[in-house]
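Please treat every number below as a calculation from the coordinates, not as lab data. Source: prediction; values computed, not measured. For neighbour counting, all protein chains shown are included, and Cβ atoms are generated from backbone atoms with ideal geometry for every residue, glycine included.
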Amino acid sequence: MEIDMIPEGPRHIPPYKSQNKSSLGDLLQGFLKYYSSTFRWDTQVISVREGKALPKNKGAEWRNKYICVEEPFERNNVARAVHEQMKFNTIKSKFAASSQILAQSKDLNALLPVRATISKEASRK
């Protein structure tokens, strides 16, 4: 259903116009680099609701958790399953390695074998 058709909804929503000129690959590489080297996992929460990092409060939901991602409606930690240092270190190291691979190769297929998977699937048909 179109949002304009909802009775209590807004009558006109202007189209979103991004000022971003970065490629999808550059955005992915930046994401990986940021979360592997800049983001402060020990003191910050990723807030989807706010679209930015927030300071981690002292609540039980955020305490002793390695990755904290705020669910936008319930405001609980949707990443609470990452509760072991080894798993957290593995995730962070994969982010760092993937960032470096993308920075050097400039090719998503160096991380995800998209072309090989498509070719393999096409040959099955």
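Observations on the structure shown:
- Pairs of alpha carbons in the range 45-90 whose separation is greater than 14 Å (percent): 46 percent
- Structure-based [θ]222 nm, the chain - -39500 (n - 2.57) summed over DSSP H runs of at least 4, per residue, nearest 500: -11000 deg cm²/dmol
- Rel. contact order, % - alpha carbon contacts under 8 angstrom, at least six apart, the range 1-120: 21 percent
- Theoretical FRET efficiency, 1/(1+(r/R0)^6), r = Cβ-Cβ of Ser119 and Thr90, R0 35 Å, to 0.05: 0.75
- Rounded FRET efficiency, nearest 0.05, which uses the C-beta distance separating Ala110 from Arg80 and R0 of 35 Å: 0.65
- By the rule of a C-alpha distance below 20 Å, with chain neighbours fewer than 8 residues away ignored, the lysines paired with Lys17 are Lys52.
- Cα extents of the chain along the three principal axes, largest first (Å): 50, 44, 33
- 20 Å tail of the calculated P(r), the range 56-125, as % of Cα pairs: 55 percent
- Extension gain, Phe73 to Gln100: 0.36 nm times the residue separation minus the Cα-Cα distance gives 6.3 nm.
- Estimated FRET transfer efficiency when R0 is 22 angstrom, pair Arg49-Ile13 (beta carbons, to 0.05): 0.70
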